[in-house]
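Worksheet: one structure, shown below.
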Amino acid sequence: MENETKTADDKAQVSPLTEYFKEVIYGGIDGIVTTFAVVAGFSGAALSTDATTQLTFMVVLLFGLANLFADAASMGLGNFLSVRSEKDLYKVTRTREERRIRENPEKEIQQTVNIMMEKGFSESDAKTLVSVYQKNHEYWVDFIMNHKLEMSDPRGTNPALTGLATFLSFLTFGAIPLLPFIFMETEIADVAFSYSLIGTFIALALLGLLKWRVVGVNLYSALLEVMVVGGVAAVLAYYVGTYFAG
């Protein structure tokens, strides 16, 4: 009863944000950089040719929002299909390993013993453990999938929620670089771009804070890692826009 209570408590401590944290970070950074690339491309064109009138807020919003929603949907659906494919592959592979255990148990026993010996067990201890595993084929297959084939178990992952988490994170953080073009009344390209640049690094900082809060790593390291990686991509996006505009 005590073990069951601990297991329930452990599951209760895993929040949806923690469970889909990878998707939030992945979608968030991609959304920020992808949307900023659109803004940077237009801004680079306008600032490099001194023709700021070519950069209208409507054009930036049109391409920025279209890019934001299209890429968010693409990433969300792509993640959904990726998880579905991973689960299908795991299921097929697991079924094959279960069949091998039934049809040729001696070979699987020897392979399991070899794996355990590679991990530091003596041959005697490895054989003892395998004899225990033989009493629980489900756990034995888990061991083979994890240590022989090095395949993690994705069966508990929800493809729809994984895709949705990626989509929402991309949409939420990716919208931040566009905010100056939505709320500013002036139509000066360099001013709007400056605010968009600030917003981009604020969004990256928020992702860094989120990583610090969820993972519990060092605050400085979390902020630095996310901002450096995202910042390099943002700078590249701006200079690519400037280069092709010229």
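For the reader, a short list of remarks on this structure follows.
- Sites Tyr220 and Tyr195, calculated FRET efficiency, Cβ-Cβ separation with R0 25 Å, nearest 0.05: 0.45
- Normalised by the number of residues in the range 20-245, the mean separation of alpha-carbon contacts (under 8 Å, six or more apart) gives a relative contact order of 44 percent.
- Residues in the range 76-105 reached by a label modelled at His137 [backbone nitrogen below 12 Å; 7 Å Cα→Cβ]: 95-105
- For the pair Leu236 and Ser82, label points projected 7 Å from Cα toward Cβ lie 1.7 nm apart.
- Model label points for Phe121 and Arg213, set 7 angstrom from Cα along the Cα-to-Cβ axis, are 4.3 nm apart.
- Signed unit charges on C-beta, dipole axis of the range 83-130, positive-most listed residue Gly120, Val83, Pro105: Val83
- Formal net charge of residues neighbouring Ile29 (Cβ-Cβ distance under 12 Å; K, R +1; D, E -1): -1
- Net charge dipole size for the range 20-245 [Lys, Arg +1 and Asp, Glu -1 on Cβ; Debye, nearest 20]: 720 debye
- Over all other residues within a Cβ to Cβ distance under 9 Å of Val141, the charged ones net out to -3, with Lys and Arg as +1 and Asp and Glu as -1.
- On the basis of the beta-carbon distance and an R0 of 30 Å, Gln111 and Ala66 show a calculated FRET efficiency of 0.05.
- Arg155/Leu179 FRET efficiency (R0 41 Å; Cβ-Cβ; nearest 0.05): 0.55
- Taking other C-beta atoms within 10 angstrom as a stand-in for reagent exposure, Ile25, Ile198 fall in the order Ile198, Ile25, fewest first.
- Positive-end extreme of charge dipole, the range 20-245 - chosen from Ala203, Asn158, Gly28 (charges on Cβ): Asn158
- Residue-wise HN-Hα coupling along the range 141-152, computed from phi with Karplus coefficients 6.51, -1.76, 1.60 (Hz; x: Gly, Pro): 5, 4, 4, 5, 4, 7, 9, 8, 9, 6, 10, 6
Any read-out appearing in this document is the output of simple, stated calculations on the displayed coordinates, not a laboratory observation. Source: prediction; values computed, not measured. Because the Cβ atoms are built from the backbone with ideal geometry, glycine has one as well, and the counts that use them run over all protein chains shown.
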